[in-house]
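Take a look at the structure below.
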Amino acid sequence: DARVTQTPRHKVTEMGQEVTMRCQPILGHNTVFWYRQTMMQGLELLAYFRNRAPLDDSGMPKDRFSAEMPDATLATLKIQPSEPRDSAVYFCASGFSNQPQHFGDGTRLSIL
Amino acid sequence: AQTVTQSQPEMSVQEAETVTLSCTYDTSESDYYLFWYKQPPSRQMILVIRQEAYKQQNATENRFSVNFQKAAKSFSLKISDSQLGDAAMYFCAYRTDSGGGADGLTFGKGTHLIIQP
């Protein structure tokens with residue numbers, strides 16, 4: 001079965017450090033999504049791309065978060081500088097047309 | 001903006017019994033999709049079932065079925081013959097149908113389902 005691959009699976013770092021999370025979407029999927037899951041806010045859409053172009057990043061704090069898609073096989077989500085409130089599980093998902101999205105296993109991020 | 005509400009933070013059911021999880025949503029759109037996702041402790045997000053708003057027939061996938069009431073904006077999930085492996089968080093999700101491709105999902109807060117042996 002084709003899968004969305006996210007790395008790293010876990011990340012622990014100190015406040016102020018740069019964090020980069022990576023996602024490899026399923027081959028042939030043209031839409032990539034980033035979600036964040038916390039106990040307080042639940043699952044929230046941060047941003048998404050279609051055909052590598054950003055479509056919506058309104059859910060993302062602009063001052064410290066950035067999302068890019070350098071090529072069709074890689075999406076990145078960066079946080080600089082990181083803060084303790086960024087601790088969460090970050091999911092990447094990919095999709096095509098109106099088919100359901102497929103989720104990666106997530107990156108559990110802990111900012112100390 | 002669309003909102004999705006799951007009013008049951010936790011539900012418990014005996015193994016082999018039937019349980020229904022509730023979900024309501026708010027939207028001004030006429031075309032959209034609704035989903036139920038399952039998240040076990042492994043934190044994977046697993047699609048359980050989906051419903052297109054234009055379809056009157058309720059979706060069914062083996063032991064899982066939905067009761068979709070478009071006018072009431074209600075989308076409940078029924079799990080029949082509950083099994084221990086069904087224990088998980090269940091999320092209801094909404095997505096618009098923009099016609100240009102997949103859009104982002106709006107999730108409810110989730111229902112924690114406990115299966116009693």
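Structural remarks
- The stretch B:90-117, residues that are facing chain A (nearest Cβ under 10 Å), surrounded by 20 or more Cβ atoms within 10 Å (Cβ to Cβ) and farther than 21 Å from A:Ser94 by Cα: B:Gly110
- When residues of the stretch B:61-107 are limited to those that are at pLDDT below 95 and of a type in the set (Ser, Thr, Tyr), the one nearest to the chain's Cα centre (by Cα): B:Thr96
- Looking at B:Ser98, B:Ser74, B:Ser65, just one residue is touching a residue at least 24 places away in the same chain (Cβ under 8 Å) and not aromatic (Phe, Trp, Tyr), and that residue is B:Ser74.
- Condition check for B:Pro40: within 22 Å of A:His102 (Cβ to Cβ) and touching a residue at least 12 places away in the same chain (Cβ under 8 Å): yes
- Residues of the stretch A:22-33 classified as at the interface with chain B (Cβ under 9 Å from one of its Cβ atoms) and either outside any loop (DSSP other than H, G, I, E, B) or within 30 Å of B:Pro9 (Cβ to Cβ) (or both), total: 2
- Residue check, B:Gln51 at pLDDT below 95 and farther than 21 Å from A:His29 by Cβ: no
- Candidates A:Gly104, A:Gly95, A:Gly59, filtered to the one that is touching a Cys at 6+ places or on another chain (Cβ under 6 Å) and within 11 Å of another protein chain (Cβ to nearest Cβ): A:Gly104
The values are calculated or read from the model by the stated rules, or taken from the named source; none is laboratory data. Since this is a predicted model, take the numbers as computed values, not measurements. When we count neighbours, we look across all protein chains shown, and the Cβ atoms used for this are built from the backbone with ideal geometry, even at glycine.
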